[in-house]
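Please treat every number below as a calculation from the coordinates, not as lab data. Quantities reported herein were computed from a predicted structural model and do not represent experimental measurements. In this analysis, Cβ positions are derived from the backbone assuming ideal geometry, glycine residues included, and neighbour counts consider all displayed protein chains.
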Amino acid sequence: MKIQSYELKMLSAPLKTPFKTALRNVFTLEALILTLHTNTGYIGYGSASPTAAVTGETLPSITCALEDYILPSLMNSDLSVDSLAKIKRSIAHNPSAKSAAEIAVYDLLAKEKALPLYAYLGGKSICLNSDITISLDSPDKMLLDSVKAVRGGHKYLKLKLGGSASEDISRIDAVANSCSAILRLDANQAWDFETAKTVSDHCIARGYKVELIEQPFPAGRFDLMSRFKAESLIPLLADESVFSLSDAKRVIAENAADYINIKLAKTGGISEAMKLCEIAESAGMQCMMGCMLESPIGIVAAAHFACSSPAITMCDLDGVELLKENPVVSDTVFETGKIKPGKLPGLGITDIKFN
């Protein structure tokens, strides 16, 4: 099987409500959709979304990385697992662009074997429980959004935070005192140590159902993460601190987190994500399957991957639920707070509705 041609198209999909974090505000999902066409008739799908504040990538940079470096390395050569190494060597960094290519290649490899991607990776389809993101806003607005989510059937809420200790405690109080959901707190690197510890101690003292605190400090501050893990009674999830296998090894060596958040757009695709899961499992560390604000193709791929690794015990894959309408047709079932990949080969994608 050889790749004979490719297409890159822009996909824009409006969000139900603005996506607000300590790093950015987004009103419309933008994604670059990659379609690979082979000499055997199989079609592979991948996608990449710009998250400049995290990966440093923009739509122009993703396009350039794919068209000028990554895709030329794949054209007219036999497609195999070795193709993944070509993607990795083609250009430094650019994880979202590499992830788009890897996902499309894995989609093709699984289709060639007539297997769903999760089965090709050695897993089986399971029903994944995902949280829903509550965007950073006033306490009243976050309470309103949280109540709506819980009434709709959500059991896990991911609260976006990133203000002062008093501001964020007011947000948490508003939600925790009125909702029965399990809370995940995400400061997106915006806290200092005192703020994180104050918030953590407050939640413990109040008996709130806080499952974890995600990446409270800037990505490079492993020292603060290690100290916080040692002093906080709430587990710490490393996100922006872990892009690669070497990052994961450092987190484990420095005892800098309880959990690792794996995102295909951070790792550069499935092959590196597999390595992260393996080292986490060997260290007895659980992982979350996360996502950027990305297209349903990326969410479907992440769901398939989550079904393939026992190290992944938590999911933050709410990208599709945040959209007004899902433009990607697949046999993956999306219900409130639940995702289950289907049985069609590869990613199971049958159509994409572009604007």
_For q = 0.15, 0.23 Å⁻¹, Debye-computed log10 I/I(0) when each Cα of the stretch 3-114 counts as one equal scatterer_ = -0.65, -1.24
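Test of the criteria: in the stretch 244-348, which trypsin sites (Lys or Arg not before Pro) are in a DSSP loop and have at most 12 other Cβ atoms within 10 angstrom of their Cβ?
K324, K343
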*On a 0 to 90° scale, report how tilted helix 296-306 is relative to the longest principal axis of the chain, with both axes built from alpha carbons and the result rounded to the nearest 10.*
80 degrees
*Within the chain: Cβ-based charge dipole about Cα centre, in debye rounded to nearest 20 (Lys, Arg +1; Asp, Glu -1)*: 520 debye
*Considering the alpha-carbon set of the stretch 34-93 alone, what are its Rg and its Dmax in angstrom?*
12.6, 39
*Charged-residue dipole, Cβ positions (Lys, Arg, Asp, Glu), the stretch 1-116 about Cα centre, Debye nearest 20*: 300 debye
*asked:* Under 8 Å for C-alpha pairs, at least 6 residues apart: give me the relative contact order for the stretch 6-59, rounded to a whole percent.
replied: 30 percent
_If you fit an axis through the alpha-carbon atoms of helix 95-112 and take the longest principal axis of the Cα set of the chain, what angle between them do you get, 0 to 90°, nearest 10?_
50 degrees
_Which one, F19, S49, S61, projects farthest toward the positive side of the charge dipole computed for the stretch 17-82 from Cβ point charges (K/R +1, D/E -1)?_
F19
*Would you grab the residues whose amide H sits under 5 Å from the one on V329? Only those 5+ places off in sequence or on another chain, please, with H modelled 1.01 Å from N.*
T350, D351, I352, K353
*Using only the Cα atoms of the stretch 120-352, each taken as one equal point scatterer with no solvent, compute I(q) by the Debye sum, divide by I(0), and report log10 of the ratio at q = 0.09 Å⁻¹.*
-0.36
*Beyond 14 Å, what share of the Cα-Cα pairs of the stretch 61-112 is found? Please give it as a whole percent.*
44 percent
*What angle, in degrees between 0 and 90 and rounded to the nearest 10, separates the Cα long axis of helix 270-282 from the longest principal axis of the Cα atoms of the chain?*
50 degrees
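Tell me, what is the percent relative contact order of the chain, built from C-alpha pairs under 8 Å that lie six or more residues apart?
Reported as a whole number, the value is 20 percent.
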*Which pairs in the list K86/K275; K20/K141; K20/K197; K20/K98; K124/K343; K98/K229 are over 21 Å apart, alpha-carbon to alpha-carbon?*
K20/K197; K20/K98; K98/K229
_Cα→Cβ-extended label distance, 7 Å offset, between F27 and E325, nm_ = 1.9 nm
